[in-house]
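Working notes, structure below.
The values are calculated or read from the model by the stated rules, or taken from the named source; none is laboratory data. These numbers come from a predicted model, not from an experiment. A quick note on method: Cβ atoms are made from the backbone with ideal geometry, for glycine too, and the neighbour counts reach across all protein chains shown.
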């Protein structure tokens, strides 16, 4: 059975763009926004606390997308 693995952590804007790029390559992802969860619960977190998860079976294909994204955006 496939499991979810964290592939990237960054700001919400960065994670949303990366999730969109993965979706274009037919790689489903899940966004875990700790910043928003903390705000709703009444405590704060850092701005860089949004995590992007994918299935462990897609890691190799997704890593290529992440690497291109990072190089194009000088991250």
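Numbers at a glance
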| item | result |
| --- | --- |
| Neighbours by Cβ (under 7 Å, 6+ apart or cross-chain): first from segment 60-75, touching a residue at least 40 places away in the same chain (Cβ under 8 Å) and at negative phi; second surrounded by 14 or more Cβ atoms within 10 Å (Cβ to Cβ) and assigned to a helix (DSSP H, G or I) | 62/22; 65/21; 65/22; 66/18; 69/18; 69/21 |
| Residue in segment 21-33 that is part of a helix (DSSP H, G or I) and modelled with pLDDT under 95 present | no |
| Filter result for residue 47 (modelled with pLDDT under 90, surrounded by fewer than 13 Cβ atoms within 10 Å (Cβ to Cβ) and under 14 Å from the mean Cα position of the chain (by Cα)) | yes |
